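**Q** One structure is given below, represented as structure tokens, and several questions about it will come after.
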Amino acid sequence: MSMDKDKNNESGEDSVKNIGIRIVRISGDITRVDSDAIITAINSGRLWFGGIDGAIQRVAGNMYHNQAVNEELSDLKVIIARGDHNNHKGKFDNVVFVVDDLKSELRGVIARGLEEADAAGFKKVTIPAIRTGVMLGAVEKSLEQIVDEYMKGIMRYVGRKRIKGQVPGIQTIAFVTYNNPELEEIMHRIMVAQ
């Protein structure tokens with residue numbers, strides 16, 4: 001499967017030195033990006049209606065969220081919800097849900113999602129703009145801090161693989177934003193500075 005973008009999506013590629021993973025920025029609908037999995041956050045309260053949850057449900061109904069609904073959910077627990085893009089209107093196959101009750105650093109949410117996606121054998125993943133909306137109890141105070149946490153999460157994942165003498169299994173990470181040019185510019189600036 002490729003990270004081909006829909007005609008409504010725009011992309012940019014940034015090179016982060018010495019990590020062995022292709023990182024791209026895509027502006028558009030995350031459900032329209034071909035990938036093995038979307039890595040996203042869910043809360044333990046099961047309030048999964050807006051934002052990325054809503055986008056996933058618009059194209060796939062509850063097929064992914066139903067796989068998490070009966071799980072015991074706690075901060076940083078990961079649920080791999082299996083699916084196939086041939087069974088819904090999106091271009092992604094699976095969803096990696098990371099429970100995020102805003103108790104942990106965002107880097108931990110990103111690293112846990114990447115680690116479990118890798119363990120599941122996923123090579124190409126998409127990550128939405130996690131924690132960038134209006135939310136009660138947000139930990140990060142700026143978009144710069146959020147993007148810095150994204151990068152620290154990737155580096156934590158890569159570092160843990162290297163400590164074990166392993167190479168990261170994930171080959172491509174696409175950060176997907178929806179109608180947020182400011183976030184895209186910050187991502188580009190921080191990623192090329194790494």
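**Q** Test of understanding: among Gly108, Gly83, Gly90, Gly113, which residue is open to solvent by less than 40 Å² (accessible area, probe 1.4 Å), more than 12 Å from Thr40 (Cα to Cα) and outside any loop (DSSP other than H, G, I, E, B)?
**A** Gly108
**Q** Here's a follow-up. Scanning region 93-105 for residues that are in contact with a helix residue (DSSP H, G or I) (Cβ under 6 Å, 6 or more places away or on another chain) and modelled with pLDDT of 95 or more, which turns out farthest from Ile146 (Cα to Cα)?
**A** Within region 93-105, the match that is farthest from Ile146 (Cα to Cα) is Asp93.
**Q** State all residues of region 126-150 that are aliphatic (A, V, I, L, M), touching a strand residue (DSSP E or B) at 6+ places or on another chain (Cβ under 7 Å) and modelled with pLDDT under 95; if no residue qualifies, say none.
**A** Ala129, Ile130
**Q** Okay, next question. For region 13-30, indicate whether the set of residues that are within 19 Å of Ala111 (Cβ to Cβ) and modelled with pLDDT of 95 or more is non-empty.
**A** no
**Q** Determine if region 58-65 includes at least one residue that is in a loop (DSSP other than H, G, I, E, B), closer than 15 Å to Arg112 by Cβ and among the hydroxyl-bearing types (Ser, Thr, Tyr).
**A** Among the residues of region 58-65, not one is in a loop (DSSP other than H, G, I, E, B), closer than 15 Å to Arg112 by Cβ and among the hydroxyl-bearing types (Ser, Thr, Tyr), which makes the answer no.
**Q** If you take the residues in region 126-143 that are buried (at least 19 other Cβ atoms within 10 Å of the Cβ) and of a type in the set (Val, Ile, Thr), which one is farthest from Asp93 (Cα to Cα)?
**A** Ile130
**Q** Something else about it: Tally up the residues in region 30-56 that are open to solvent by 40 Å² or more (accessible area, probe 1.4 Å), touching a residue at least 12 places away in the same chain (Cβ under 8 Å) and of a type in the set (A, V, I, L, M, F, W, C), please.
**A** The total comes to 1.
**Q** Going by the conditions given, is Lys77 under 16 Å from the mean Cα position of the chain (by Cα), open to solvent by 10 Å² or more (accessible area, probe 1.4 Å), modelled with pLDDT of 95 or more and under 15 Å from Val125 (Cβ atoms)?
**A** In short, no.
**Q** Same structure, new question: So Lys123 clears everything in (1) in contact with a strand residue (DSSP E or B) (Cβ under 9 Å, 6 or more places away or on another chain); (2) open to solvent by less than 50 Å² (accessible area, probe 1.4 Å) except one condition, right? Which one?
**A** (2)
**Q** Looking at region 139-161, is at least one residue of a type outside the set (S, T, N, Q) and closer than 12 Å to Ile38 by Cβ?
**A** Within region 139-161, not a single residue is of a type outside the set (S, T, N, Q) and closer than 12 Å to Ile38 by Cβ.
**Q** Please go through region 144-194 and pick out each residue that is part of a loop (DSSP other than H, G, I, E, B) and open to solvent by 10 Å² or more (accessible area, probe 1.4 Å).
**A** The answer is Lys164, Gly165, Gln166, Val167, Pro168, Gly169, Gln171, Tyr178, Asn179, Asn180, Gln194.
The values are calculated or read from the model by the stated rules, or taken from the named source; none is laboratory data. The shown structure was predicted, so the numbers you read here are calculated from the model rather than taken from an experiment. Positions of Cβ are generated from backbone atoms using ideal geometry, with glycine treated the same way; all protein chains shown enter the neighbour counts. Areas reflect the complete protein model, heavy atoms only, side chains present, ligands, DNA and RNA absent. Shrake-Rupley method; radii C 1.70, N 1.55, O 1.52, S 1.80 Å.
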